[in-house]
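The values are calculated or read from the model by the stated rules, or taken from the named source; none is laboratory data. This one's a predicted model, so the numbers in the text were calculated from it and none came from an experiment. All Cβ positions, glycine included, derive from the backbone under ideal geometry; neighbour counts span all protein chains shown. We work out accessible area using only protein heavy atoms, side chains counted, and drop any ligands, DNA or RNA first. Shrake-Rupley method; radii C 1.70, N 1.55, O 1.52, S 1.80 Å.
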Amino acid sequence: MGPGSAAAPLAAGLLWALLRLALGADGREQERLLLKALGLSAKPTPRAAAPVPPVLWRLFQRGAAEAPERACRVEEFRVPGNIIRVLADQGHFIHSETPKTSLCLEKRVYFNFSALEAGEQLTMAQLEIQFSHNSYHPSSGGQVFELRLSQALQMSLHGMPPHGCNHKLLVAQSFAQLHKSLFFNLTEVAKGWRTPSKNLGLILEISVGSREGAVAWPHPRLQNPCASIDAFLDTSLLVVSLNQKQCKDTRKRRSAYHTPVTPSNLCKPRRLYISFSDVGWENWIIAPQGYMANYCLGECPFPLTAELNSTNHAILQTMVHSLDPQGTPQPCCVPVRLSPISILYYDNDDNVVLRHYEDMVVDECGCR
């Protein structure tokens with residue numbers, strides 16, 4: 001997921017805020033700063049631990065096993081992005097006073113987009129319609145189901161039917177047997193939902209149709225085919241967005257890196273494991289439970305060797321320090337190569353979020 005001018009300070013702030021928080025220095029203020037960097041207004045307190053969508057588990061585990069070549073891109077969907085959310089449907093079922101005989105289901109579908117930050121670029125929005133049964137078995141009459149998905153353009157007035165000229169038809173699809181969830185690309189529609197006044201949601205209708213030559217329903221000897229639709233379960237929206245300030249365009253594939261354990265006073269990475277339970281975040285961070293953050297410590301003595309990853313400036317500074325130890329300090333031991341991690345967590349609205357963070361693990365240190 002090239003870096004902007006604010007990317008390096010933000011990444012450094014994330015890492016050192018975690019370190020200071022773990023060490024107990026100014027914990028409350030450091031927690032506030034880190035949560036702000038994570039895009040959170042306060043520490044989430046999930047009311048109910050909603051199950052993690054399988055797609056987010058899959059993406060998290062894939063990223064944990066092998067760091068992506070392009071951290072600003074979600075390869076599974078072939079779109080740019082470093083933040084993936086699954087937004088729960090907050091709509092409601094519509095009950096008409098004069099029900100249509102063929103209409104099995106009518107529902108308003110609504111997703112709250114306030115969780116997206118101002119700096120995020122929405123790159124994909126995929127609607128999933130999921131049912132509790134794995135398949136539908138049409139009756140002997142040969143009925144099929146017809147799905148209509150419309151965009152609401154205007155709020156319906158009280159007592160007025162929630163359809164007609166106030167809606168724009170997006171999808172019309174028929175199916176007889178459903179073995180998997182139905183997915184629909186709503187990226188262009190969802191981009192308009194960033195403005196609250198334009199976010200009026202969708203209208204979902206599922207009706208009974210029939211194959212050509214089949215006996216129409218209702219029929220005295222045919223069972224109501226809508227009975228199988230009564231198990232309508234869930235709708236959700238998978239949203240991928242890109243925060244350019246918190247990612248990099250390209251990155252070399254990270255090889256397994258093990259921090260040295262041999263005793264030495266020279267500048268090098270030192271092991272530091274950050275446990276989220278130690279800082280009281282285990283209730284809202286789903287995975288990982290912690291990570292090896294590491295830190296840099298050690299001397300930069302004269303003469304500097306190639307192993308110390310020194311700059312020309314640092315080499316000259318050590319030379320001057322050797323001549324004037326009181327007037328010129330030694331170069332500092334700092335991170336010179338860092339790696340990303342991904343965090344799966346609940347946000348302030350109980351949405352499950354998978355977010356990629358650059359420069360969180362110290363891989364190499366150098367004298368600067």
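For this structure, a couple of remarks:
- Protection proxy ranking, peptides 122-129, 292-299, average beta carbon neighbours within 10 Å, highest first: 122-129, 292-299
- Residues whose placed amide H lies under 5 Å from that of Asn82, excluding near-sequence neighbours: Ser241, Leu242, Asn243
- With all protein chains modelled, accessible area of Val55 [1.4 Å, Å²]: 30 Å²
- Taking Lys and Arg as +1 and Asp and Glu as -1, the other residues whose beta-carbon sits under 15 Å from that of Arg47 total -2.
- All other residues whose Cβ lies under 12 angstrom from that of Gln289 are scored, Lys and Arg at +1 and Asp and Glu at -1, for a net of -2.
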